[in-house]
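What follows is a single structure, written as structure tokens, with notes after it.
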Amino acid sequence: MINRRWHPAIALIAGAGLVLSFSPTGYYPLAIVFPAILFYFWAKASSARAAWLGFLFGLGLFGAGASWVYVSIHEFGFMPAPLAAILVFLFVVYLALFPAIAGWLQARFIQPGVYRLLFAAPVFWVLMEWLRGWLMTGFPWLHLGYSQSNSPLMNLAPLTGVYGISLVVGILAASSTLMVIGKGVHRLLAAALIGGVFISSWAAGGMQFVEPAGPKVNIALLQGNVALSEKWKPGASNQVISHYAALSRNVVNNSAIIVWPEGAVPDNWQHVSSWFGLSLPTREDGSMPDYLIGTIDSPANGNYYNAAISISDKNKSTGSNGIYRKQHLVPFGEFLPFKPIFGWVIDYLKIPMSDFSSWQGQQPDMKLAGWPVAVSICYEDAFGEELVQTVSGAAFLINISEDAWFGNSLAPHQRLQMAQIRAREAGRYFVRAANTGVTAVINEKGEITSRLEQFVPSVLSSEVIPMKGLTPYVRFGNSLFLGMLMLWLLPVMVVRYRRKKSSKFQLSGSK
């Protein structure tokens, strides 16, 4: 037994330790160990104490795991260090409220005991993950499921998505706790659950939902490593474009698709369209590969969008099907939420092009090298339920990103891990072209097949296999996960109903 007075400190440390289960360290068993400690504390705690312990666990988790936010707003947004530290602390406090609410709910919902530990704690933890993933535009970072990108539980991704994996990790954490503190039949139940989870994961790995749709496609991903301070200088567009053109020239003869990262053309493409397409490198026979280029789009409606355009022999002028405009923007980085409240923040953040518009409505998949491709920009690949809406007709996925905002922090590695989960969920190759890295190719099983070293200007030449077929997650989204959630909560609801009925009977009998 751990002395009760040490529980708060241990919860804080356990939350910070959970970060080690994610990339770049990737010790995925720790995603079971550290929540198991929290669930052990929760098992007999009052509602208020469970909320407090959950809050401290969240402070540790997000204080360590989302520390890159400080890097973004101070080192690259040039916000003064004290003010940046205060804002990051408030942000972490907000995120820590979600595990605090989970702790309060599981204690409020059911009395101490096995049912609270085994059923209520995992359900309310994951329910708060899901809520955090969309509330106030969402921050779906550091979900338990992402830690399993290289574990056997990854096989569940095409069935239930990342939230289903999170629920299973939570069940394993609760079962592990029960193995330690339980007795007799409860230990047998916990052992059976642990064995059943891994057997199910192994069986899921043998399910085939997708298959190759055609021959391999040669693709080149450019990592320019252009410093933000240089990229957004007035008049820098020509120099940056020339840099990417030079990188393209090295691979133009052997590539069907060449991808430039987010904002590779740091200007409205309409301003340079008259000569830009003509200046792109062509093959020795005069033909042009299909280019996908990150840029800014400013149509006649007066808005401007973070965009990707395709340019090819057939589409040098960029038609309606040759452009993708970003839909899910980064708060404070690309738009300012609640301007009357947070308008003062803009006075401190020196972030160029920080008032983008979000594109509304459906956008058709782009055609690259003859294949329909689902394109996303930066932060959008963190939202699996949104990304799968574009996947059904796509042969593979491309994400372009500007990860220079994160510096040499945890964020680029965490984002790569998210991309692994997205690839497995969709059953599609997923390629990332990031200005400073991590630029990588991920196959349909979520395995990284090739990648570049960060902060080095280079080109990643690789092959992708176009895929066809739909995984259950693409077909049904989070529906299967929510079904699992309700099924796992059912025993708690039954027990709670029986206890209420029993208490009413006793009250009636006392009269």
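Laboratory data are not the source of any read-out in this text; all were calculated from the coordinates shown. All of these numbers come straight from a predicted model, not from anything done at the bench. Here the Cβ positions follow ideal geometry from the backbone for every residue, glycine too, while neighbour counts run over all protein chains shown.
See the values below:
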| item | result |
| --- | --- |
| For the chain, the longest site-free run once GluC sites (Glu not before Pro) in DSSP loop states with at most 15 other Cβ atoms within 10 Å are removed | 1-283 |
| Distance histogram in 10 Å bins (all Cα pairs of the chain, percent per bin) | 4, 19, 27, 24, 15, 7, 3, 1, 0, 0 |
| Using θ = phi - 60° and Karplus 6.51 cos²θ - 1.76 cosθ + 1.60, couplings along segment 454-464 (whole Hz; Gly, Pro as x) | 5, 6, 10, x, 6, 10, 9, 9, 8, 10, 10 |
| Computed FRET value (nearest 0.05) for N3 with Q208, which takes r as the C-beta separation and R₀ as 41 Å | 0.20 |
| Dipole magnitude (debye, nearest 20) for the chain, charges at Cβ of Lys, Arg, Asp, Glu | 2800 debye |
| Interchain or long-range residues, amide H under 5 Å from E444's placed H | Y429 |
| Mean residue ellipticity (222 nm) of the chain, computed from DSSP H runs ≥ 4 via -39,500 (n - 2.57), nearest 500 | -14000 deg cm²/dmol |
| Antiparallel DSSP beta bridges within segment 356-425, as percent of all bridges there, nearest 5 | 40 percent |
| In segment 27-113, chymotrypsin sites (Phe, Trp or Tyr not before Pro) in a DSSP loop with at most 15 other beta-carbon atoms within 10 Å | Y27, F78 |
| Stretchable slack from F198 to S458, in nm (0.36 nm times residue separation minus alpha-carbon distance) | 89.6 nm |
| Rounded tilt (10° steps) of 237-249 against the dominant C-alpha axis of the chain | 90 degrees |
| Cα shape, segment 78-177, gyration tensor, a/c 1.5 rule | oblate |
| Rounded if a/c under 1.5, otherwise prolate or oblate - segment 26-137, Cα gyration tensor axes | prolate |
| Distant-in-sequence amide H partners of M366 (H built 1.01 Å from N, under 5 Å) | V373, V375 |
| Positive-pole candidate from N238, L193, L222, dipole of segment 181-250, charges at beta carbon | L193 |
| Volume of the Cα convex hull of segment 138-264, divided per residue and given in Å³ | 174 Å³ |
| DSSP bridge orientation in the chain - percent antiparallel, rounded to nearest 5 | 60 percent |
| Residue order, fewest to most beta carbons within 10 Å, for I219, I110 | I110, I219 |
| Angle between the chain longest axis and helix 411-426 axis [Cα atoms, degrees, rounded to 10] | 80 degrees |
| Angle in degrees between helix 157-181 and the longest Cα principal axis of the chain, rounded to the nearest 10 | 30 degrees |
| Proxy reagent accessibility, fewest Cβ within 10 Å first, across M288, M486, M79 | M486, M288, M79 |
| Efficiency of FRET between R283 and A236 - r from beta-carbon atoms, R0 30 angstrom, step 0.05 | 0.60 |
| Neighbour-count ranking [beta-carbon atoms within 10 angstrom, fewest first] of T177, T295 | T177, T295 |
| Cα-centre dipole for segment 405-485 with unit charges at Cβ (Lys and Arg positive, Asp and Glu negative), debye to 20 | 220 debye |
| Segment 95-154 - convex hull of the alpha-carbon atoms, volume per residue in Å³ | 85 Å³ |
| Förster radius 56 Å - calculated FRET efficiency between L189 and S358 (Cβ-Cβ, nearest 0.05) | 0.70 |
